[in-house]
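Okay, so here's the structure we're looking at.
Where a number appears in this text, it was derived from the coordinates with a stated rule and is not lab data. What you are looking at is a predicted structure, and each value in this text was computed from that prediction instead of being measured. All Cβ positions, glycine included, derive from the backbone under ideal geometry; neighbour counts span all protein chains shown.
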Amino acid sequence: MTVSRTSRNQAQAMKGRITEELGRVTRNRRLRRRGRADRVSGSLKQAVEKARGAFRRNGGESR
C-alpha cells in the first residue's frame, strides 16, 4: 500500500464526509448523495488496498 494512494483515498473519504454533511445542513439531497458516494468510494478503495497489501505480504499464492 503506497502512501500516495492511502492519502488520496483518505482525502476522498474526508471530502465525502464534508460534502455529505454540507448537504445534510442545507437539506440538499444531491449533495448528500454525492458526498455519500465519495465517502463510500474512498473507503472501498482503501479496503482494497489493504487486502492487496495483505495478499502480497503472505507470499501471493494460496496453495
Which length gain, in nm to one decimal place, applies between Arg33 and Arg5 when the Cα-Cα distance is subtracted from 0.36 nm times their residue separation? 7.7 nm
In percent, what relative contact order does the chain have, based on Cα pairs under 8 Å that are 6 or more apart in sequence? 36 percent
Report ³J(HN,Hα) in whole Hz for each residue of the range 14-21, in order, from the Karplus equation J = 6.51 cos²θ - 1.76 cosθ + 1.60 where θ = phi - 60°; Gly and Pro get x. 5, 4, x, 4, 5, 5, 5, 5
Magnitude of the charge dipole, the chain, Cβ model with Lys/Arg +1 and Asp/Glu -1, debye to 20: 280 debye
Work out the charge dipole of the chain with +1 on the Cβ of Lys and Arg and -1 on the Cβ of Asp and Glu about the Cα centre, then indicate which of Ala47, Thr26, Thr6 is farthest towards its positive end. Thr26
Expressed to one decimal in nm², the mean projection of the alpha carbon convex hull of the chain is 4.6 nm²
Going by alpha carbons, how many degrees (0 to 90, nearest 10) lie between the helix axis of 29-57 and the longest principal axis of the chain? 10 degrees
FRET efficiency for Arg17 and Lys50 from the Cβ-Cβ distance with R0 = 25 Å, rounded to 0.05, comes out at 0.85
